[in-house]
1. Among the listed residues 114, 107, 132, which satisfies the condition of being closer than 20 Å to residue 73 by Cβ and among the β-branched types (Val, Ile, Thr)?
2. Just checking, does the range 144-155 include any residue being touching a residue at least 40 places away in the same chain (Cβ under 8 Å), among the acidic types (Asp, Glu) and surrounded by 14 or more Cβ atoms within 10 Å (Cβ to Cβ)?
3. So residue 24 fits all but one of (1) closer than 17 Å to residue 121 by Cβ; (2) in contact with a Leu (Cβ under 8 Å, 6 or more places away or on another chain); (3) not assigned by TED's automatic domain parsing to the domain that holds residue 138; what number is the exception?
4. Might you let me know whether the range 71-84 holds any residue that is assigned by TED's automatic domain parsing to the domain that holds residue 156, more than 15 Å from the chain's Cα centre (by Cα) and over 19 Å from residue 166 (Cα atoms)?
5. Checking residue 72 against (1) in contact (Cβ under 8 Å) with a residue 24 or more places away in the chain; (2) farther than 13 Å from residue 48 by Cβ; (3) part of a strand (DSSP E or B), only one condition comes out false. Which one?
6. So residue 56 passes all but one of these: (1) closer than 21 Å to residue 158 by Cα; (2) surrounded by 10 or more Cβ atoms within 10 Å (Cβ to Cβ); (3) not small (Gly, Ala, Ser). Which condition number does it fail?
7. If you scan the range 7-37, which residues turn out to be touching a residue at least 24 places away in the same chain (Cβ under 8 Å), within 25 Å of the chain's Cα centre (by Cα) and under 19 Å from residue 115 (Cβ atoms)?
8. Is it the case, given these coordinates, that residue 105 is more than 21 Å from residue 42 (Cβ to Cβ), without any contact (Cβ under 8 Å) to a residue 12 or more places away in the chain, assigned by TED's automatic domain parsing to the domain that holds residue 146 and polar (S, T, N, Q)?
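The values are calculated or read from the model by the stated rules, or taken from the named source; none is laboratory data. In this text the structure is predicted, and so the values were computed from the model without any measurement. We place every Cβ from the backbone using ideal geometry, glycine too, and count neighbours over all the protein chains shown.
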Amino acid sequence: MNHKNPWKTLSIKEVYDNPWINITHRDVLNPAGQNGIYGKVHFKNIAVGVLPLDEENNTWLVGQYRYTLEKYTWEIPEGGCIESIEPLQAAKNELQEETGIIANQWTKILDIHTSNSVTDEYGICYLAQGLTFGNSSPEPCEELVVKKLRFEEAFKMVMSGEITDSLSIATIMKVKLLLFS
């Protein structure tokens, strides 16, 4: 099926730009042919997430205070992937940096657009297995707590609303369906 774009962009004005995001204001004609506006947040990096899972069905979450939310959150290890690095390599780097874990078996679990009504942010999430353990080396600006728990407990955290991060929810739910249903 061919899906033609029903929107027409009349003008684009850059509102903000930094090394991670670019924000534009757009004057548009909407699908009804009426004048409208649209704001777009463009993410310059791909989001990558990793769910490590050992042979006993334990996993590891990362806790940190998220400035944008003004609250403490629990998430799968995740971060940004710059254009010059393959997403799988970025995921491996994030897992080791944040948790000290190295995995020898990787499975791509999903592709995700995190909030497609206002942003083009795109993410890729992986399942990491065959784990070995070393020392973490988080970025200096990160204050992380790493928590080992049973996968089922992480799933319950999603179901209770304790985990609200979109990459974490989608990855945990898909792993639940693929491996534990």
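1. Numbers: 107 fails: closer than 20 Å to residue 73 by Cβ; 132 fails: closer than 20 Å to residue 73 by Cβ.
That would be 114, the only listed residue that is closer than 20 Å to residue 73 by Cβ and among the β-branched types (Val, Ile, Thr).
2. Kept after step one, since they are touching a residue at least 40 places away in the same chain (Cβ under 8 Å), are these residues of the range 144-155: 144-152, 154.
Those still in the list that are among the acidic types (Asp, Glu) too: 152.
This time we only want the ones that are surrounded by 14 or more Cβ atoms within 10 Å (Cβ to Cβ), so: none.
No, there is no match, as no residue in the range 144-155 is touching a residue at least 40 places away in the same chain (Cβ under 8 Å), among the acidic types (Asp, Glu) and surrounded by 14 or more Cβ atoms within 10 Å (Cβ to Cβ).
3. (2)
4. Initial filter on the range 71-84 (assigned by TED's automatic domain parsing to the domain that holds residue 156): 71-84.
From the residues that got through so far, the ones that are more than 15 Å from the chain's Cα centre (by Cα) too are 71-72, 83-84.
Filter again for over 19 Å from residue 166 (Cα atoms), leaving 83-84.
Yes, the conditions are met somewhere in the range 71-84.
5. (1)
6. If we test residue 56 against (1) closer than 21 Å to residue 158 by Cα; (2) surrounded by 10 or more Cβ atoms within 10 Å (Cβ to Cβ); (3) not small (Gly, Ala, Ser), just (2) comes out false.
7. Once the filter is applied, which keeps residues that are touching a residue at least 24 places away in the same chain (Cβ under 8 Å), within 25 Å of the chain's Cα centre (by Cα) and under 19 Å from residue 115 (Cβ atoms), the range 7-37 yields 15, 20.
8. Details: more than 21 Å from residue 42 (Cβ to Cβ): yes; without any contact (Cβ under 8 Å) to a residue 12 or more places away in the chain: no; assigned by TED's automatic domain parsing to the domain that holds residue 146: yes; polar (S, T, N, Q): yes.
No, not satisfied.
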